[in-house]
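See structure below.
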Amino acid sequence: MRRPLVAGNWKMHGTRASVAELIEGLRHLQLPGDVEVVVFPSSLHVGQVVAGLESSVIAVGAQDCAVDPMPGALTGEVAASQLLDAGCALVLVGHSERRLILGESDAVVARKFAAAQACGLLPVLCLGETLAQREAGQTLEVVTRQLGGVLEELGIGAFVSAVVAYEPVWAIGTGLTASAQQAQEVHAAIRQQLAAENAEIACGVRILYGGSVKAVNAVELFGMPDIDGGLIGGASLNADEFGAICRAAGN
Ligand code: PEP
């Protein structure tokens, strides 16, 4: 039985004041006990959020980590070990904004995934196709290649302690959402790819859907057999909306 996970990706948003307000809103939410909840603030705000959510059930993660797990000479980067030290429990790797805007390759993403695990952080591996790739019928090919980048490098054993997030790029921040059937088809293919290596591990991996998830579409998406929760961008910046999405995952 996979425990649903709802994750809020705050991206490059927030000031100390707005983050304080959001923390206050989160602390007052009624959250379902059977759903794991995590927020990913910018690394600048991780300390503030960890302190603000102390004694709450909401975990804190980071949006990225360096390819090297330990601190060192790498200006501007943050090591997974530093994130752990700061109170993070999870880290996103391979978000499409980093793959597409910053040119992160599958090989770099695999190194970040390994760095996270080496430090005891749970990596959330993001996968997804662009609109052009979907229209060209390449969705499964793209997602299979992205997942294969980690699978071939680190093996199926690495997925015992990892989460996968399918986020079609065309649905991120656009208001367009994959239909529940479209999303389920890709989630099932992801699980099948993992199951080809080890069925038991594949069965335990949580696969989140991300892309314009809101309270109104969450119930249908989370009702699909291979969708185990969501990675939420814009809607996670509103505590009440985020809380409603978390409750939808508990239904
Ligand atoms: C995201 O960036 O991970 C995301 C899913 O964003 P949004 O919910 O705003 O589409």
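Residues in the range 164-180 that are among the hydroxyl-bearing types (S, T, Y) and in contact with a helix residue (DSSP H, G or I) (Cβ under 6 Å, 6 or more places away or on another chain) were compared, and the one that is farthest from the ligand (Cβ to nearest atom) is Y166. Within the range 95-121, the set of residues being away from the ligand (no atom under 16 Å from the Cβ) and open to solvent by 40 Å² or more (accessible area, probe 1.4 Å) comprises G103, S105, A107, V108, R111, Q117, A118, G120.
On inspection, G52 passes the criterion of being farther than 27 Å from I227 by Cβ, open to solvent by less than 50 Å² (accessible area, probe 1.4 Å), away from the ligand (no atom under 16 Å from the Cβ) and more than 20 Å from the chain's Cα centre (by Cα).
Would you point out the residue of the range 151-178, among those that are more than 17 Å from the chain's Cα centre (by Cα) and under 28 Å from A132 (Cβ atoms), that is least open to solvent (accessible area, probe 1.4 Å)? This residue is L151. Among residues that are touching a Phe, Trp or Tyr at 6+ places or on another chain (Cβ under 9 Å), on the phi < 0 side of the Ramachandran plot and either among the charged types (D, E, K, R) or at pLDDT 95 or above (or both), L140 is not included. Look at G8 and say whether it is small (G, A, S) and either assigned to a loop (DSSP other than H, G, I, E, B) or more than 16 Å from the ligand (Cβ to nearest atom) (or both). No, not satisfied. Of everything in the range 43-87 that is part of a strand (DSSP E or B) and of a type in the set (A, V, I, L, M), the residue that is nearest to C246 (Cα to Cα) is A59. Does any residue of the range 193-205 turn out to be open to solvent by less than 40 Å² (accessible area, probe 1.4 Å) and within 16 Å of the ligand (Cβ to nearest atom)? No, the range 193-205 has no match at all. When A136 is tested against the conditions (1) open to solvent by less than 10 Å² (accessible area, probe 1.4 Å); (2) over 17 Å from L231 (Cα atoms), the lone failure is (1). Cβ-Cβ distances below 8 Å connect the following pairs, each with a first residue in the range 174-194 that is closer than 15 Å to R206 by Cβ and of a type outside the set (A, V, I, L, M, F, W, C), a second residue that is modelled with pLDDT of 95 or more and within 15 Å of the ligand (Cβ to nearest atom), and a separation of six or more residues or different chains: Q184/I227; H187/Y166; H187/I207; H187/Y209; H187/I227; R191/I207.
Being open to solvent by 40 Å² or more (accessible area, probe 1.4 Å) and within 11 Å of the ligand (Cβ to nearest atom): is that true of L237 here? Before you say what the answer is, go through the steps one by one.
Numbers: open to solvent by 40 Å² or more (accessible area, probe 1.4 Å): yes; within 11 Å of the ligand (Cβ to nearest atom): yes.
Here the answer is yes, as L237 does meet what is asked.
Under the condition of being within 13 Å of the ligand (Cβ to nearest atom) and acidic (D, E), the residues counted in the range 206-225 number 0.
Could you pull out every one of the helices (runs of 4 or more DSSP H) wholly within the range 147-251 that has 2 or more residues that are under 29 Å from C119 (Cβ atoms)? Walk me through it before giving the result.
On the way: elements: 180-195, 199-204, 215-222, 239-250.
Fully inside the range 147-251 and qualifying: 180-195, 199-204, 239-250.
The values are calculated or read from the model by the stated rules, or taken from the named source; none is laboratory data. Only a predicted model underlies this, so the values are computations on that prediction, with no experimental measurement involved. All Cβ positions, glycine included, derive from the backbone under ideal geometry; neighbour counts span all protein chains shown. The area values use the complete protein model at the heavy-atom level, side chains included, leaving out ligands, DNA and RNA. Shrake-Rupley method; radii C 1.70, N 1.55, O 1.52, S 1.80 Å.
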